[in-house]
Amino acid sequence: MAYSTLYTFTFPPSLPLLFQHHKHKPYSLSPKLTFTPTTLNPNILRNNNMMQSSRVSSVQDVVGGAMAIVQSSPATWQSSLFSNLLIFVLGSPILVTGLSFEGIVAAFLLGTLTWRAFGGDGFLLVATYFIIGTAATKVKMAQKMEQGVAEKRKGRRGPGSVIGSSAAGCVCAFLTIFGVGGAAFSQLWRLGFVASFCTKLSDTVSSEIGKAYGKTTYLVTSFKVVPRGTEGAVSVEGTLAGILASVALAFVSFLLGQIGSHEVIICILAAQFANLGESIIGASFQEREGFRWLNNDIVNIINISMGSIIAVLMQQALQNLHP
């Protein structure tokens, strides 16, 4: 169906004379102009539709290929790198609040290794640890800074802290990737991995909540009242918060299928034993003459290693009792 539309324009009296020789229709440059709509060539429409369909198909192919890489089972180095890069880009606003640039690089390596060893579920466990730990560090930050007990860089942790928090987990990841001990030990390495992060999260939350809300702080070796932030000091508030943190992370790991129900209890107990040992080491040796090398990062490595080893030994003992 053809449509015509009338548009009215006012021209100077002499202007229409300039166009009297123009013979083309349907244009009439009188005070009223008539335009006839142009009919599009069906071939052009068909080509445009084909091009659009081709673009949509290409995008679908790219997305489908990316999803295939992410969902690779078991995980490969390619899928681990790609998945980790994608998540780090999307999660960069959160990462920069808790890590320095060097810390982000170290965390990227940890995330890639974790995904390769334990898949997306293992990565999600570490992400949960990071989010809860960072949130605890930020609690009453102004007060902690005023009292001189806050973490450096307003809680933004560097590579030393990342390595100190993940060394035991990385060892368990390598043992899993290379199949050390075979299938019989694979679950033990997974348990050690989970226990190491339960231990570190419990220690972090206990320390940070104790600094923020601890009413009375005791030195673990003598129960002498000491100022907040003293190495080896504990508080009731911080200790309870640390226990709850280990319970939460162990339960998340259970929901993700990383550990069984009885292993949840093992991780919680191993975390508390390791944190007690870490407090004793801090109170007895840290910042003492001859132990200047024993800084927080090294103590963290000792702490999470104890948690991981204790959990593995407890599981082995239970297996020997109930073969």
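Bear in mind that the values in this text are calculations on the coordinates, not laboratory data. Predicted, not measured: the structure shown is a model, and the values here were computed from it. Counting neighbours? That spans all protein chains shown, and the Cβs are built from the backbone with ideal geometry, glycine included.
Once label points are set 7 Å from the Cα along Cα→Cβ at both Thr97 and Lys215, what is their separation, rounded to one decimal in nm?
Here the modelled spin labels are 3.0 nm apart.
Starting with the highest mean, order 304-311, 238-245 by the number of other Cβ atoms within 10 Å, averaged over the residues of each peptide.
Highest-to-lowest ranking by the protection proxy: 304-311, 238-245.
In this model, which of Lys140/Lys200; Lys152/Lys224; Lys138/Lys224; Lys154/Lys215; Lys144/Lys211; Lys144/Lys224 are farther than 18 Å apart at the alpha-carbon?
Lys140/Lys200; Lys152/Lys224; Lys138/Lys224; Lys154/Lys215; Lys144/Lys224
Calculate the FRET efficiency for Lys140 and Leu244 from the Cβ-Cβ distance with a Förster distance of 25 Å, rounded to the nearest 0.05.
The calculated FRET efficiency here is 0.90.
Hey, got a sec? Which chymotrypsin sites (Phe, Trp or Tyr not before Pro) in region 227-323 land in a DSSP loop and have at most 15 other Cβ atoms within 10 Å?
Answer by residue number: Phe285, Phe291, Trp293.
In nanometres, what is the gap between the two model label sites at Ile131 and Gln147, each 7 Å from Cα along Cα-to-Cβ?
Those two pseudo-labels are separated by 2.8 nm.
Given R₀ = 22 Å, what would the calculated FRET efficiency be for Leu321 paired with Ala184, taking r from the Cβ atoms and rounding to 0.05?
So the FRET efficiency works out to roughly 0.85.
Going 7 Å from the Cα of Phe291 toward and past its Cβ, which residues in region 190-219 have a backbone nitrogen under 16 Å from where you end up?
Of the residues in region 190-219, 219 have backbone N under 16 Å from the label point off Phe291.
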